[in-house]
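Accompanying notes for the structure given below.
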There are 2 protein chains.
Amino acid sequence: MRISEAASASGLNVDTIRFYEAKGLVPKVTRSSDGQRRFSQENVDWLTLLYWLRASGMPMKIMQRFAELYAQGDGTIAERKAILLDHAQRLERRRDDLDRCEDILNRKLEIYEEYLK
Amino acid sequence: MRISEAASASGLNVDTIRFYEAKGLVPKVTRSSDGQRRFSQENVDWLTLLYWLRASGMPMKIMQRFAELYAQGDGTIAERKAILLDHAQRLERRRDDLDRCEDILNRKLEIYEEYLK
DNA sequence: TACCGGCCTGGAGTTGCTCCAGGTCAAGAG
DNA sequence: CTCTTGACCTGGAGCAACTCCAGGCCGGTA
């Protein structure tokens, strides 16, 4: 698969994929004879995972560590699991923030409503 | 109230408050005779609102517009309401992303679990 | 054979902070 | 009354995480 296809399959854009690769976040990408990147299904699955980790606010440093472990193979699964469990807590906090913000928004909207009546 | 107090009351940090003020996001702040900022309760409430809007991902350009309307007074409440309703939709999308990411995380964790058994 | 689209790299630009240097001023310690 | 400390000021540099762009290569088509 070429980079544009990997982009639409994973949700990341072409530049972001190149950027991530340069930062070591995308192991195991091969090149065709003329130097173009070729993405396997495994690569695309990995990119898709990165897409969702980023969408939920995982910092790049942690993604980097996660990618490093992934590149090292199955022996690192325990540590990778720990990283994802940690991230799950980040999600919790994000959800709380969203709830909190929704409350504040609704209160504000009520006040506006009252004013506009 | 001085800036450090406004910071701990609103959740924003001191530098962010100054930065927001410079960008026109914080109307109605006065200065003491020696040039230091003095924040009223209204200022602090406004900063707290900004804190939550930012925490839930409102882009600065929209915050700027929102602040501009706020500075213009009550005649702009209808438009301000529209901005917040719009933002509520952004929250929805964020929540969906979080749900989606949680799914993916859980599936991944199950796979790791299986592997580690 | 001339062009076109998709890829490449290296580097500049953007957003939204965050930190720092260098300076002012008020208030308390000695 | 001077000295020091701490909180504040401004302007500007630094940073994270992209995003875009210039300039160049290559394979396929008219």
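Which aspartates and glutamates does residue A:117 reach when only Cα atoms under 16 Å apart count, and residues fewer than 8 places away in its own chain are ignored?
Of all the aspartates and glutamates, those that pass the test against residue A:117 - Cα under 16 Å, at least 8 places apart if same chain - are B:74, B:79.
Where the convex hull is taken over the Cα atoms of segment B:3-116, what is its projected area averaged over directions, in nm²?
Convex hull of Cα atoms, orientation-averaged projection: 9.6 nm².
Identify which of B:53, B:85, B:98 has the largest mean-square fluctuation in a Gaussian network model of chain B, with springs joining Cα atoms closer than 10 Å.
Comparing B:53, B:85, B:98 in the GNM, the peak value goes to B:98.
What FRET efficiency do you get for residue A:103 and residue A:36 if R0 is 30 Å and r is their Cβ-Cβ distance, rounded to the nearest 0.05?
Step by step, r from the Cβ atoms, then E = 0.05.
Which value, in debye to the nearest 20, describes the size of the charge dipole of segment A:3-116 about its Cα centre when Lys and Arg Cβ atoms bear +1, Asp and Glu Cβ atoms bear -1, and nothing else is charged?
Rounded to the nearest 20 debye, it is 560 debye.
Is any helix in chain B, taking whole DSSP H runs, at least 30 angstrom long along its axis by alpha carbon and on average at least -1.0 on the Kyte-Doolittle scale, and which ones?
The qualifying helices are B:77-116.
In the full protein assembly as shown, how much of residue B:87 is accessible to a 1.4 Å probe, in Å² to the nearest 10?
0
Pairs A:61/B:28; A:108/B:108; A:61/B:81; B:28/B:61; A:61/B:108: which are spaced more than 29 Å apart, C-alpha to C-alpha?
A:61/B:28; A:108/B:108; A:61/B:81
Any number yet on Rg/Rh for the protein assembly as shown, C-alpha, Kirkwood? Spell out each step's value before the answer.
Details: Rg = 22.6 Å, Rh = 20.7 Å.
My calculation of the ratio gives 1.09.
Once every DSSP H run of n ≥ 4 in chain B is given -39500 (n - 2.57) and the sum is divided by its residues, what mean residue ellipticity at 222 nm do you get, rounded to the nearest 500 deg cm²/dmol? Intermediate values should be presented prior to the final figure.
On the way: 5 runs with 85 residues, N = 117.
Using -39500 (n - 2.57) per qualifying helix, the result is -24500 deg cm²/dmol.
So, for chain B, what is the accessible surface per residue at a probe of 1.4 Å, expressed in square angstrom?
I get 55 Å² per residue for this part.
Tell me the total accessible area that B and A bury against each other, 1.4 angstrom probe, in square angstrom rounded to 100.
3400
The values are calculated or read from the model by the stated rules, or taken from the named source; none is laboratory data. None of the values given here were measured: they were computed from a predicted structure. We place every Cβ from the backbone using ideal geometry, glycine too, and count neighbours over all the protein chains shown. Remember, those area values only see protein heavy atoms, side chains included, never the ligands or the DNA or RNA. Shrake-Rupley method; radii C 1.70, N 1.55, O 1.52, S 1.80 Å.
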